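The values are calculated or read from the model by the stated rules, or taken from the named source; none is laboratory data. Model, not experiment: these values are computed from the prediction. Neighbour counts are summed over all protein chains in view; Cβ atoms, including those assigned to glycine, are modelled from backbone coordinates with ideal geometry. These area figures cover heavy atoms from the full protein model, side chains too; ligands, DNA and RNA do not enter into them. Shrake-Rupley method; radii C 1.70, N 1.55, O 1.52, S 1.80 Å.
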Amino acid sequence: MRLTVASAAVLALLSSTALADTLRMALTQAYQNNPLLNAQRAAVRVTDEGVPQALSGYRPRISLSASIAEQYLDSLTKSTTTTGAPYTSTSGATAVQSYGGTVTQTLLNGFQTASRTRQAEQLVSAGRETLRLTEQTVLLAAAAAYMNLIRDDAILQLQRSNVEVLQEQLRQVRDRFNVGEITRTDVAQAESRLAAGRSTMLSAESNLTTSRATYRQVIGVDPGKLAPASPVDRLSPQALPQGIAQARARHPSVTTAMFNVDAAGFQVKIAESSLYPTLNLVGSAQKNYGSASSLSTLESFSGSVAGQLTIPVYQGGAEYATIRQAKETLQQRRVDLDTARDQVQQTLVQSWGQLEAAKAQIEATQAQVSASEIALNGVREEARVGQRTTLDVLNAQQELVNARVALVTAQRDRVVASYALLAAAGRLSAQVLQLDVPIYDPAVHYHQVRDTWVGVRTPDGK
């Protein structure tokens, strides 16, 4: 009877929501605090910088130079006139200063800059989809950590109650043994079952400690009192074919692979641009004070504007190998896309089956618990009149405990499976779950750095 009362207390613990953390709160905290997610956001910001790097090919390159030197000259020149000395000797020291600047503007490079820019933009999009995949992974891990902690806490309470019942059972068995109603074997059986119950309780305590540590790692804060959670079936696909279509089209693993295909295509164009001519416009100006070749020159100025055309003819064949390599990489990325679609379809079908199994398992374990309670009460009554042994009572009691543990586990699996299905469809996100948290928008940082010409300070668009 004490087991029944203790189990009711555990169920009350699971159903109480007063002053308790909720799964939505845990998901919100994970979205804000998880280091894996924050690191991936930083990785996206790193990828953003590839676009202004590519755009720099459209912009001029300016360089300034300056030099100061003390120059000593000793020259002997031959006179070209027939009068006067045939040779003239000149020697002396002079300070030579030179200041100059060069501006180079690329006019034509086989559309390499345009291809690099588009490739960088595709990589930014792929990085955002990878971030979306990481968000799904973190949120699913947070939901699992939350439900694991609830499950392990409930199992520990059940095992503690079981130990209390076994202790009471052992006391009763010893009393009956003392009056000669049962044998020493019955006492040994009760002692053995109590020892096993204590061992199971210690294992449950260890599992709970592990779940607490995992909760802290994934969600970023220590757990408090946790409220029960509900499945998110309303957000998941309502039919398997619909879910497969959504996953193959919108899952972040698929969209990441799609953008990688586009980036690989532009890499082919970049490699092919090495076969095209390049045209640069170069302007330079230089002011000299003194001369490194003449003591009589006090200052000079020179300036020029030139067009430089380079036509590649043959460069050892490396450029052709690079083009072929880029084309093979493109083919690999296309295969990766097909693989990603097949993988997400397999994952979604698996998640769908696990969810359906979890629903059926709850119904089965609820029936098992009800039947085990009736069986335990019956065995106890029969044992009182000598129709059942002590071992029969212990076995019936253990079956009830196992049934209740299975029910708690099935309830946990039901909730986690619903989140897993939502993730398999590519829809597990803070927006879909409507979490009360500012949504991280990677586009803010992208637009802050895209057209930045100068500056080393990182923007605050995080």
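Structure data summary
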{"read-out": "Filter result (of a type in the set (Ser, Thr, Tyr) and exposed (fewer than 10 other Cβ atoms within 10 Å of the Cβ)) within region 66-76", "value": "72"}
{"read-out": "Single match in 302, 274, 291 (criterion: within 49 Å of the chain's Cα centre (by Cα) and either within 30 Å of residue 104 (Cα to Cα) or modelled with pLDDT of 95 or more (or both))", "value": "274"}
{"read-out": "Residues of region 197-213 classified as small (Gly, Ala, Ser), open to solvent by 50 Å² or more (accessible area, probe 1.4 Å) and over 24 Å from residue 423 (Cβ atoms), total", "value": "3"}
{"read-out": "Qualifying residue in region 24-38 (condition: surrounded by 17 or more Cβ atoms within 10 Å (Cβ to Cβ) and more than 32 Å from the chain's Cα centre (by Cα))", "value": "no"}
{"read-out": "Where a residue in region 360-384 is without any contact (Cβ under 8 Å) to a residue 60 or more places away in the chain and over 14 Å from residue 399 (Cβ atoms) and its partner, wherever it lies, is open to solvent by 60 Å² or more (accessible area, probe 1.4 Å) and in a helix (DSSP H, G or I), with Cβ under 7 Å and at least six apart", "value": "362/411"}
{"read-out": "Extreme residue, most open to solvent (accessible area, probe 1.4 Å), among residues of region 97-141 that are in a helix (DSSP H, G or I) and out of contact with any helix residue (DSSP H, G or I) (no Cβ under 7 Å at 6 or more places or on another chain)", "value": "137"}
{"read-out": "Meets criteria (closer than 19 Å to residue 397 by Cβ and in contact with a Lys or Arg (Cβ under 9 Å, 6 or more places away or on another chain)) for residue 169", "value": "yes"}
{"read-out": "Test: residue in region 111-119 that is touching a residue at least 40 places away in the same chain (Cβ under 8 Å) and touching a Leu at 6+ places or on another chain (Cβ under 8 Å)", "value": "yes"}
{"read-out": "Qualifying residue in region 302-322 (condition: of a type in the set (A, V, I, L, M, F, W, C) and either surrounded by 15 or more Cβ atoms within 10 Å (Cβ to Cβ) or in contact with a helix residue (DSSP H, G or I) (Cβ under 6 Å, 6 or more places away or on another chain) (or both))", "value": "no"}
{"read-out": "Matching residues in region 385-402 - criterion: being small (Gly, Ala, Ser) and either surrounded by fewer than 19 Cβ atoms within 10 Å (Cβ to Cβ) or without any contact (Cβ under 8 Å) to a residue 24 or more places away in the chain (or both)", "value": "386"}
{"read-out": "Answer residue from region 167-182, given it is surrounded by 12 or more Cβ atoms within 10 Å (Cβ to Cβ) and not hydrophobic (A, V, I, L, M, F, W, C) and is nearest to residue 385 (Cα to Cα) among those", "value": "176"}
{"read-out": "Which numbered condition residue 305 misses (of (1) in a helix (DSSP H, G or I); (2) touching a residue at least 12 places away in the same chain (Cβ under 8 Å))", "value": "(1)"}
{"read-out": "Leading residue by the ranking (surrounded by the fewest Cβ atoms within 10 Å (Cβ to Cβ)) among those in region 214-273 that are in a helix (DSSP H, G or I) and among the acidic types (Asp, Glu)", "value": "233"}
{"read-out": "Cβ-Cβ under 6 Å pairs, at least 6 apart or on other chains, region 29-42 side in contact (Cβ under 8 Å) with a residue 60 or more places away in the chain, far side open to solvent by 40 Å² or more (accessible area, probe 1.4 Å) and assigned to a helix (DSSP H, G or I)", "value": "none"}
{"read-out": "Extreme residue, nearest to residue 286 (Cα to Cα), among residues of region 39-65 that are open to solvent by less than 40 Å² (accessible area, probe 1.4 Å), part of a helix (DSSP H, G or I) and charged (D, E, K, R)", "value": "48"}
{"read-out": "Close pairs from region 320-346: first within 30 Å of residue 423 (Cα to Cα) and touching a residue at least 12 places away in the same chain (Cβ under 8 Å), partner surrounded by 15 or more Cβ atoms within 10 Å (Cβ to Cβ) and of a type in the set (Ser, Thr, Tyr), Cβ under 6 Å, at least 6 apart", "value": "340/253; 344/253"}
